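Asks: If you scroll down you'll find the structure; I have some questions about it.
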Amino acid sequence: MNEELLSKKELLEITGISYGSLYRWKRKNLIPEEWFIRKSTFTGQETFFPKNKILERIDRIKNLKEDLSLDSLAEVFTPNLGTLKISAEEISKKGLIQKSSLDFYGQMRGKFKTLSFDNLLFLFVFDEMLQSGNVNLEECKIALITLEEQYKGFEGKNCVLFLCRKAGIATCFLASSPVTIRFDHETKVIIHLDLYERIEKLKIKLQE
């Protein structure tokens with residue numbers, strides 16, 4: 001599976017921003033370093049970006065920069081989430097997770113007073129999968145366990161969660177993004193979730 005990419009030239013033309021603004025926003029951590037993807041082309045090395053992510057991010061920057069400084073914007077896009085602790089009551093109050101998913105999670109992991117951001121993210125993904133109707137509860141549990149056991153190994157780098165079925169048997173794994181994976185014709189990809197997109201969505205919900 002290939003993520004659609006946008007060249008730097010195309011990006012500047014579509015958004016109307018300057019080369020200087022693009023790299024100033026990069027230095028301020030408004031645009032992640034890993035989104036600047038160097039690839040070989042027939043004209044030499046060129047820079048590409050994940051299309052949907054970069055266009056959405058630049059649109060948000062342009063909408064917010066009139067009211068916020070670049071330093072304040074950096075805090076919006078890269079807040080310190082490592083120390084976050086959120087209670088079950090606040091999760092429910094903000095509508096972050098459906099009650100059915102909270103109940104299932106409580107049955108699996110026991111009652112909890114607070115969750116870290118990573119565990120909240122895992123539960124957020126669990127909830128999205130469960131509410132999609134494409135997977136059953138056991139498959140959601142497999143995905144949750146995979147996240148709990150493997151996510152830290154990516155050390156903050158963007159990754160994608162895959163849940164596949166072959167002959168009725170589900171398997172789940174994480175892969176670095178951007179990623180190219182080819183499966184045999186008997187394997188069906190049921191879930192393909194970009195973890196960075198879920199982090200961004202969750203951060204916005206936490207700020208509401």
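Asks: Fewest to most neighbouring Cβ within 10 Å: what's the order for THR41, THR47?
Replies: THR41, THR47
Asks: Report ³J(HN,Hα) in whole Hz for each residue of the range 3-16, in order, from the Karplus equation J = 6.51 cos²θ - 1.76 cosθ + 1.60 where θ = phi - 60°; Gly and Pro get x.
Replies: 7, 5, 10, 10, 6, 4, 4, 5, 4, 5, 5, 5, 8, x
Asks: Counting each DSSP H run of 4 or more residues in the chain as -39500 (n - 2.57), what helix-only mean residue ellipticity at 222 nm follows after dividing by all residues, to the nearest 500 deg cm²/dmol?
Replies: It lands at -14500 deg cm²/dmol.
Asks: Between the range 157-208 and the range 1-75, what's the alpha-carbon centroid distance in Å?
Replies: Value for the Cα centre distance between the two parts: 23 Å.
Asks: I've got another one for you. For the range 148-199, which GluC sites (Glu not before Pro) are in a loop by DSSP, counting at most 11 other Cβ atoms within 10 Å?
Replies: When the GluC sites (Glu not before Pro) of the range 148-199 are filtered for loop state and at most 11 Cβ neighbours within 10 Å, GLU155, GLU186 remain.
Asks: log10 I(q)/I(0), Debye, Cα-only the chain, no solvent, q = 0.10, 0.15 Å⁻¹?
Replies: -0.52, -1.07
Asks: Still on this model: Let me know the charge dipole size of the range 86-207 about its Cα centre in debye, to the nearest 20, where only the beta-carbon of Lys, Arg (+1) and Asp, Glu (-1) is charged.
Replies: Charge dipole of the range 86-207: 220 debye, to the nearest 20.
Asks: For a quick check, take a GNM of the chain with Cα springs below 10 Å and name the residue from GLU66, GLU128, GLU90 with the largest mean-square fluctuation.
Replies: Per the Cα network of the chain with a 10 Å cutoff, GLU66 tops the list.
Asks: Just to confirm a number: summing +1 for Lys and Arg and -1 for Asp and Glu over residues other than THR43 whose beta-carbon lies under 15 angstrom from that of THR43, what do you get?
Replies: +2
Asks: Just round it to a whole percent: the fraction of Cα-Cα distances in the range 1-101 exceeding 15 Å.
Replies: The calculated P(r) of the range 1-101 puts 70 percent of pairs beyond 15 Å.
Asks: Suppose the chain between THR187 and GLU90 were pulled fully straight at 0.36 nm per residue; how much longer would it get relative to their current alpha carbon spacing?
Replies: In short, 31.0 nm is gained.
Asks: Only counting other Cβ atoms within 10 Å, I'd like PHE36, PHE122, PHE77 sorted with the fewest neighbours first.
Replies: Listing PHE36, PHE122, PHE77 from fewest to most nearby Cβ atoms yields PHE36, PHE77, PHE122.
Asks: Further question on the same structure: If you build a Gaussian network model of the chain, linking Cα atoms that sit under 10 Å apart, which residue out of THR171, THR43, THR180 swings the most?
Replies: Top of the fluctuation ranking is THR43.
Asks: Name the residues whose placed amide hydrogens come within less than 5 Å of the amide hydrogen of ILE31, ignoring near sequence neighbours (fewer than 5 apart) on the same chain.
Replies: It is LYS26, by chain and number.
Asks: Gaussian network model of the chain, Cα springs within a sub-10 Å range: biggest mean-square fluctuation belongs to which of PHE162, PHE154, PHE124?
Replies: Residue with maximal mean-square fluctuation among PHE162, PHE154, PHE124: PHE154.
Rule-based calculations on the coordinates, nothing more; no lab input. The structure displayed is predicted, hence computed values, not measured ones. Neighbour counts run over all protein chains shown; Cβ positions are idealised from the backbone, glycine included.
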